[in-house]
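One structure, as structure tokens, below. Some questions next.
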Amino acid sequence: MASRNFLLKSRLLVTSSTNQKFNNLKNLSSIKLNDSILNLKSCPLASYRTRSDFPDHARSESSNKKEINSGPAIKNIRKTCRITKENLSERVKISGWVQYKRMLGQFMVLRDSYGFIQVMVNDPLILISLKDLPLESVLEVTGVVRYRPEEQSNEDMPSGELEVLAENVQILNRCNARLPFQIQEFHEVKEPLRLQYRYLDLRHRKLQQNLRQRSKILFKMREYLMANEFVDVETPILFRKTPGGAREFIVPTHDKGKAYCLPQSPQQFKQLLMVGGIDRYMQIAKCFRDETAKPDRQPEFTQVDIEMSFVDVEDVKNIVEGMLVHSWPGHLKPIHSPFPKMDFHDAIRVYGSDKPDTRFDNTLQEVTDIFEHCNFTPLMKSFRNRPMESIQVVQFPHVSPYLSNKDVSYLTKVLKSSFHEKHRAFFAIVRIKEDNSWHGTLHKMIGDLTYKRLEERLQLNPGDVFIIAAGLDRNACLTAGKFRVEMASLLKEKGISVYEDDDSMNFLWIENFPLFLPKEDGSGGLESAHHPFTAPHPDDLTCIYSNPEAARGLHYDLVLNGAEVGGGSIRIHNADLQKYVLQDILKEDAAPLQHLIDALNSGCPPHGGIALGVDRYLSIICNTQSIRDVIAFPKSSEGKCLMSQAPSTISKDDMEYYHLTVKE
């Protein structure tokens, strides 16, 4: 108590001279100042400081004509960016992280989740406690709002003309002085380190914006669906293994030899809800797939799940378009419905993809007829000993000077790795030199006549780059289409945009998909183009029994800027047809789905729906490189949580309880 009284008496003797202030405090060096609030004004022995005690940074007398309220009233400002000129001369309380400080803490920038505010500290007692305070420490500051000095004004900040003159500072939490990285926008931090310390990474402004945008959009989506009489139903996470589809996560139980599975989607449950009379269902659903993570995939992901009874394809599309328009962010160019639509086969033929990016042209050109009488066919047969059915070209004019040999090697590697060997077309990437000759030997192999005809058809010029893809028709189109997308992305990285509008958001419905496709692994037989519950097109119903590979499905995908952001279909609601598709066409065991077949046989109404991939959709909206940048706690590209080191080793007790053994 004696030390406290001595401190307060010394406080009253402090003069206006800064040097004298610190001289008078030398004798107090043995007194330990803790990190709690330094509020001398709360004591009746301490004199109140007013604006006249400090240098006047006001722009004019008129701009600061408000009198400082000398009473105890303090306005608690939750968001620093909400401090405006209306708060001039008011006593406020703000809280946040120390973003920047200099002059031993006399000048600070305080950051919260909404913005920044400059803080000035002139009180020598407060300065002592702030001298060695690390950045990212958490403070509560009480002080008076005033104008910054004119030379320190920052028009890029909402509160860039203002600052808070600190009267009291409370250190709420002193940060570790050696963080793994600083929370600065200009600091490049490798992604593994960001994921390991995600709780720090989340302080970055861009991640904050992304997660808040995610929250707003999902709220608006739910709002729209609720206004249209949808029922939000939570479906189980613990389920059983589903035939076909992606690999599922197994959840062992203490019942020996039995396990749950985490669902790939609520597909079966939402169909069962239709049987049960819940005619409009929605859910912001968590889904799981045990597959290698990619930039646009995660082992666990979120989707907006929708199902409706007594609807057709157009009914589902109308609901989805209305929901997206309603929830569209205001800072982006507005979107309008109805969205354009394209037949699946037209998408493959024109863009070489079932999820075409329509923001730029550079579409496929078929040149099969040009190569009918040249040496190219023998070359193809020797390459894979397969006859070719189609030759496709995609051309990018005047970009060859921007491509290095390394870039061409990269494109070649991507194309080879994107397709199974049995579905891969022969291709060659050609660059035209300034003298109009081609890089490589392909020119000589196809002959002068074919070269001339190709040059005339494509109107080739020096500096052009194009791909020739040859093989079975679908394979050639897909290879050329993959080159089209990868080339546009590579050029964009080099600052050469091929897009008509870099800010455009092009939605597109793809419909009339084939119901079944040959298995991707080349093992023979058919697999569902999407999933085994999709109903066949009414005009192709007889094909199901005679030529299933020719049947179209009532499936529809929603594409945004070349990425699939949603997929849905009208479902099979006839039990016999569903059983036939599973057993006779797909050669799957229908027993694990007997509950669904029984339900379809219990008076199931016609129904359909869709699922929108939230993470991928928001990644495009927020213009991020990866969906990991729109997820609070994502997994790494290997599907691991680098922060918690999950998945973790199972203890011996758990191994025994769940009847598990590990093979060496």
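Any read-out appearing in this document is the output of simple, stated calculations on the displayed coordinates, not a laboratory observation. These figures come from a predicted structure and were not determined experimentally. Note: ideal-geometry Cβ built from the backbone for every residue, glycine included; neighbour counts use all protein chains shown.
Quick one: grab the alpha carbon gyration tensor of region 360-493, order the square roots of its eigenvalues as a ≥ b ≥ c, and give me rounded if a/c is under 1.5, else prolate or oblate depending on whether a/b is larger than b/c. Don't skip to the answer; put the middle values down first.
Working: a/c = 1.61, a/b = 1.11, b/c = 1.45.
Note, shape of region 360-493 comes out oblate.
Kindly provide the helix-only [θ] at 222 nm of the chain, computed as the sum of -39,500 (n - 2.57) over DSSP H runs of four or more divided by all residues, to the nearest 500 deg cm²/dmol? The partial results should precede the final answer.
Details: 19 runs with 180 residues, N = 664.
That comes out to -8000 deg cm²/dmol.
Next question. Return the sequence-ordered ³J(HN,Hα) values of region 90-104 in whole Hz as given by the Karplus equation 6.51 cos²θ - 1.76 cosθ + 1.60 applied to θ = phi - 60°, using x for Gly and Pro.
Couplings: 7, 8, 10, 10, 10, 9, x, 9, 6, 7, 7, 8, 8, 6, 6 Hz.
Taking the beta-carbon count within 10 Å as an exposure proxy, list F107, F310 from fewest neighbours to most. Present the calculation step by step, with values, prior to reporting the outcome.
Values: F107 15, F310 11.
By the 10 Å Cβ count, ascending, the order reads F310, F107.
Within the set of other residues whose C-beta is less than 12 Å from the C-beta of Y657, count the net charge using Lys and Arg as +1 and Asp and Glu as -1. Could you put the intermediate results ahead of the total?
On the way: positive: K256, K652; negative: D255, D653, D654, E656.
Here the count lands on -2.
Mind checking which aspartates and glutamates have their Cα closer than 12 Å to the Cα of K85? Skip sequence neighbours fewer than 8 apart in that chain.
Answer for K85, where 12 Å is the Cα cut-off: E161, E163, listed by chain and number.
Mind checking the full-extension length gain between S153 and N122? Use 0.36 nm per residue of separation minus the Cα-Cα distance, one decimal, nm. Write out the running numbers ahead of the final one.
Details: separation 31, 0.36 × 31 = 11.16 nm, distance 1.92 nm.
Full-extension gain reported as 9.2 nm.
Determine ³J(HN,Hα), in whole Hz, for all residues of region 142-154 in sequence, where each value follows from phi through the Karplus function 6.51 cos²θ - 1.76 cosθ + 1.60 and θ = phi - 60°; x replaces Gly and Pro.
10, x, 10, 7, 8, 6, 6, x, 4, 6, 9, 5, 10
Can I ask one more? Extension gain N173-I496, at 0.36 nm per residue separation less the Cα-Cα distance, in nm?
On the way: separation 323, 0.36 × 323 = 116.28 nm, distance 4.73 nm.
Using 0.36 nm per residue and subtracting the Cα-Cα distance, I get 111.6 nm.
Figure the gain on full extension for E140 and K416 (residue separation times 0.36 nm, minus the Cα-Cα span) and round it to one decimal in nm. Write out the running numbers ahead of the final one.
Numbers: separation 276, 0.36 × 276 = 99.36 nm, distance 5.76 nm.
Here the answer is 93.6 nm.
Given K341/K433; K79/K216; K190/K341; K79/K635; K258/K317, which pairs have Cα atoms separated by over 29 Å? Show your work: numbers first, answer last.
Working: K341/K433 39 Å; K79/K216 18 Å; K190/K341 40 Å; K79/K635 31 Å; K258/K317 40 Å.
From the list (K341/K433; K79/K216; K190/K341; K79/K635; K258/K317), the Cα-Cα distance tops 29 Å for K341/K433; K190/K341; K79/K635; K258/K317.
If you average the sequence gap of Cα pairs under 8 Å that are 6 or more apart and divide by the length of the chain, what percent do you get for the contact order?
On the way: 1149 pairs, mean separation 80.7, N = 664.
The value is 12 percent.
So, R0 is 25 Å and r is the distance between the beta-carbons of S644 and E291; what FRET efficiency does that work out to, to 0.05?
Numbers: r = 21 Å, r/R0 = 0.83.
Rounded to the nearest 0.05, the efficiency is 0.75.
R0 = 41 Å: FRET efficiency of S215 with R240, Cβ-based, nearest 0.05?
Numbers: r = 33 Å, r/R0 = 0.80.
Once the sixth-power term is evaluated, E becomes 0.80.
With Rg/Rh (Cα atoms, Kirkwood Rh) in mind, check (1) 0.95; (2) 1.17; (3) 1.09 and report the label derived from this structure.
So the calculated entry is the one marked (3).
Next question. So how do K241, K258 line up by other beta-carbon neighbours within 10 Å, fewest first? List each step's numbers first, then the result.
Numbers: K241 13, K258 10.
Listed from fewest to most nearby Cβ atoms, that is K258, K241.
For F219, F239, what's the fewest-to-most ordering of other Cβ within 10 Å of each Cβ? Please report the intermediate quantities before stating the final value.
Working: F219 11, F239 17.
Least to most surrounded, the residues fall as F219, F239.
Shifting gears a bit: Compute, for the chain, the length of the dipole vector about the Cα centre, with Cβ point charges of +1 (Lys, Arg) and -1 (Asp, Glu) only. Units Debye, rounded to 20. Working shown, then result.
Values: 85 positive and 85 negative charges, 721 e Å.
The calculated dipole for the chain is roughly 3460 debye.
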